[in-house]
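Have a look at the structure below, then the notes.
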Amino acid sequence: MTSAFEPIQVGPYELKNRIVMSPMTRSRAYGNGFSPTPLMAEYYAQRAGAGLIVTEGTQPSVIGQGYPNTPGLHSELQVDGWRGVTDAVHARGGVIFAQLMHTGRMGHPTNYTKPATPVGASAVRAAGRIYTPSGPQDLVTPEPLTAEQIQETIEDFAAAAKNAMRAGFDGVELHGANGYLLHQFLSTNANQRDDEWGGSATNRSRLIIETVRAVASAIGAERTALRISPANPLGDIAEADYTQTYPIVLDAIGGLGLAYLHVLESTAPEFTATLRAAWNGVLMVNPATPGGHTSEEQLQLIEDGATDLISFGQLFIANPDLVERLATGAPLALPDLSKAYGGDERGYTDYPTLSESSTQTAAA
């Protein structure tokens, strides 16, 4: 029986355990041009006990940004800033992948350096609001990407992946989930195109497949991963034929030798078993936990063989030494989510480890 605390080979790396820090937007890229800061380096380095860290969503282009103060990987300033992060994580024995996230229609004109209209598969506005520097605003109708712009977007992902390598990352995870651009093309409501990028499940799968192939060609498949979230309605997404669409995607990329496939479970967790059977590589799961968060109980999925890796989100915010706590059965802190997005070190790098808590208790 396999334990979550045993090593595993992922791409060219032997991870020290099977517990992964999930990508989480924190909106603290206050450096010039939305570049990472020393505070971000400290935050990630504190959590280097994870078998793998996947960074917050990082835009591959200017137009790919959705939220205020999220980092990019499309400029030299950003590459330099991220190098400080990867150096800090590696100094503590960690492995770190950059998540590349183009938010597509889940953006707002005021969140760019210069006002612009978000882009998407089609001119279909997502229901809901988004946070901006002036407060919550209604989402806007995106400009549909032209065929030429779609090719440019694929190239942007590949270029950002190369930048990630120059910044010292060990690999990249492409964000094809949670209602963002790659997911928008997969969907049956956000994608209303009648060209080769829309209509049938095969056509709607084309962007995510070609983007994975382009990135794998640019940096090596063994350093390339993909995140998906079948039947996830986040971002006003509908996927009427997800049981048909995702097997098409997996069949197209299964022979590439990717580092892993990351499945975020949502409304159809039973579908993960189908994906597990269809996928011939390492599988990472962020389990469905309605009304709660991933916790120690879900580690049983590794022992049962349902997945190879488990990704944790909220608990890694409040427990920088989460792996140690899970291994020893120590108490788990819960995060103050009012400090999740933006702000300073409070609710970010000031959560104590077990040893720091003990020292503080003794001093008191």
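Only the coordinates and a few stated rules stand behind these numbers; no lab work does. Computed from a predicted structure; not experimentally measured. Glycine gets a Cβ as well: all are built from the backbone with ideal geometry, and neighbour counts include every protein chain shown.
For the reader, a short list of remarks on this structure follows.
- GNM top mover of Ser338, Ser311, Ser205 - the chain, alpha-carbon springs below 10 Å: Ser338
- Computed FRET value (nearest 0.05) for Gln151 with His90, which takes r as the C-beta separation and R₀ as 51 Å: 0.90
- Distance from segment 217-292 to segment 316-340 (C-alpha centre basis), Å: 26 Å
- Among Asp236, Asp304, Asp80, residue whose mean-square fluctuation peaks in a GNM of the chain (springs only between Cα atoms under 10 Å): Asp304
- For the chain, built as a Gaussian network whose Cα springs stay under 10 Å, the top-fluctuating residue of His262, His90, His175: His90
- Electrostatic tally near Tyr260: other residues with Cβ closer than 9 Å to its Cβ, Lys and Arg +1, Asp and Glu -1, net -2.
- Just so you know, the Rg over Rh for segment 53-129 is 1.06, from Cα atoms, with Rh as the Kirkwood radius.
- Other residues lying with their Cβ under 14 Å from the Cβ of Arg346 contribute a combined charge of -2, Lys and Arg counting +1, Asp and Glu -1.
- Based on alpha carbons, the Rg and Dmax found for the chain are 19.4, 67 Å.
- Nonlocal amide H pairs with Gln192, under 5 Å, H built at 1.01 Å: Ser122
- Within the shell of other residues whose beta carbon sits under 14 angstrom from the beta carbon of Gly64, the net charge comes to -4, with Lys and Arg scored +1 and Asp and Glu -1.
- Values of log10 I(q)/I(0), in the order q = 0.16, 0.20 Å⁻¹, for segment 126-273 under a Debye, Cα-only, solvent-free model: -0.91, -1.30
- In degrees, nearest ten, helix 206-219 long axis to first principal axis of the chain (Cα): 50 degrees
- Sparsely packed loop sites in segment 290-364 (the GluC sites (Glu not before Pro) outside DSSP H, G, I, E and B with at most 15 other Cβ atoms within 10 Å) comprise Glu345.
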